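Below is one structure; the comments refer to it alone.
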């Protein structure tokens, strides 16, 4: 490891950026996460703060620019934005997210004041605090590519999220990276003189082994307990239909009857397996339900024919304070075609459902075909169907932990995520999004059904296990049993991001201790 001193710091930053790309879908090399940040930590040690900031920003740009490149597909194909401008927009988003990586590097170096023990303690706390802050903004929060999501396939690792949320997984990853970085410095003696390492070396070694051992041990135990609960709980049968309607045809009036025929055929086939509920994706129907008489009658008649309730996404329009607004709505109708309840999307997609800073960004219009910005939903609806309750998340609402837990806290026993991923094309975006849904299932210990227009659709157990998934851009349906959680709510469902608040508090506390010591 002595040779690390000879590697230019920008090369080390590049390696960390590339490593971070590889730990997420579609590569799924999640084991790399446990050492992905080590090159960056070497790149910023013993460097001026300006260099520290630049190295962090560069690693972030490599990571986010490559991982989020699906955005250009959306902008070019559906936003009619020139290729060069679409890459500029991607670059601006990557730059914004990279700012947090840069800030992580600067604050960790500055507040640790050259003291290895404090550097080790601060790194996971600062990273987690910043990841939480960038994820929770009411309008512009963006939880995508949080480190913890990389471990969605490692079920033993993600189980403690029912207490810490996904941010606890991120903290553990950075904690291990910081510990390994410390030991590599110990062996090579290139951080400070070896005389000062003996005591903190033992302390950090024991702490790391204890934390990782307890985390993995408790996770393994919780996984088995949750599996046992699922096996012994009463099940209900749910179906979804994946219509696979191309985005450019979705609002084509000449294709409207074909779209409805596809969904009718899938629904009739799914009904043969006697599900309790059949789910269609976000904005599945190419008209305004309840405002279009013929289309509304078609769906009501279909529900009566199969004698099964339908949940589906549809745009809706209503007058609010004298202004006509569109809403991205989910309707639940009974087997008799009567509306049981509705949910209006509460977290809108910037540039998809509204244009932020419209006057400054006059050259960018919304990507969706419906005219006008969307209105905001006001309540996390808990739908009641037979003897169970469930909540609905529309599109990328599933990536916001605090939003998802609201309906669970209010009594939802399972969740439904309806979405239209046709915007993304055959990119990593759909894989990334369903991986984030897996953490929502663990945080709240409830199953999730994901119904996507073009995929990936599937079922997620309370353990976070993803199963019965569809392929991208296929027309199909699936029916499966799930085990609603009728028991107590998890710590995370009831209290939210206490762990993240604790990280913020400890960051300030340890920084002050480092300053005074």
## Note on the structure
In this structure, the FRET efficiency calculated for residue 508 and residue 246 from their beta-carbon separation, with R0 = 60 Å, to the nearest 0.05, is 0.70
### Query
Taking the Cα-to-Cβ direction at residue 323 and at residue 387 and moving 7 Å from each Cα, how far apart do the two end points lie in nm?
4.6 nm
### Query
How many nm is it between the label spots at residue 163 and residue 498, if each spot is 7 Å from the Cα in line with the beta carbon?
1.0 nm
### Message
Rounded, prolate or oblate, given the Cα gyration tensor of region 65-130, with a/c below 1.5 counting as rounded?
### Response
prolate
### Query
Spin-label point model (7 Å from Cα, Cβ direction): what's the residue 335 to residue 113 distance in nm?
7.1 nm
### Cα-only Debye scattering, the chain: base-10 log of I(q)/I(0) at q = 0.13 Å⁻¹
-1.24
### Task
Compute the length gained on full extension between residue 254 and residue 515: take 0.36 nm times their separation in residues and subtract their Cα-Cα distance, giving the result in nm to one decimal.
87.1 nm
### Task
For residue 491 and residue 51, calculate 0.36 nm times their separation in residues minus their Cα-Cα distance, and state this gained length in nm to one decimal.
154.3 nm
## Note on the structure
Mean 1/r over distinct Cα pairs of region 368-517, inverted to a Kirkwood Rh in Å, yields 17.0 Å
### Query
When the distances between all Cα atoms of region 234-485 are binned every 5 Å from zero, what whole-number percent does each bin get?
1, 6, 14, 19, 21, 18, 12, 5, 2, 1, 0
## Note on the structure
Share (percent) of C-alpha pair distances in region 224-348 greater than 23 Å works out to 37 percent
### Query
How high is the FRET efficiency from residue 291 to residue 468, r the C-beta distance, R0 51 Å, rounded to 0.05?
0.90
### Query
When the helices in the chain are scored as -39500 (n - 2.57) per DSSP H run of 4 or longer and the sum is shared across all residues, what 222 nm value do you end up with, to the nearest 500 deg cm²/dmol?
-15500 deg cm²/dmol
### Query
Nearest 10 degrees, 0 to 90: what angle lies between the long axis of helix 49-67 and the longest principal axis of the chain (Cα atoms)?
30 degrees
### Summary
Going from the fewest other Cβ atoms within 10 Å to the most, one would list 229, 405, 379, 489 as 379, 229, 489, 405
### Query
Which ordering of 251, 111, 218 is given by a fewest-first count of other beta-carbon atoms within 10 Å?
218, 251, 111
### Message
Give me the percent relative contact order of the chain, please, defined on Cα pairs under 8 angstrom at least 6 residues apart.
### Response
17 percent
#### Entry: Burial ordering of 162, 476, 273, fewest other beta-carbon atoms within 10 Å first
273, 476, 162
#### Entry: Fully extended contour minus Cα-Cα distance, from residue 35 to residue 214, at 0.36 nm per residue
62.5 nm
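Every read-out reported here was derived from the displayed coordinates using simple, explicitly stated rules and does not represent laboratory data. Quantities reported herein were computed from a predicted structural model and do not represent experimental measurements. All Cβ positions, glycine included, derive from the backbone under ideal geometry; neighbour counts span all protein chains shown.
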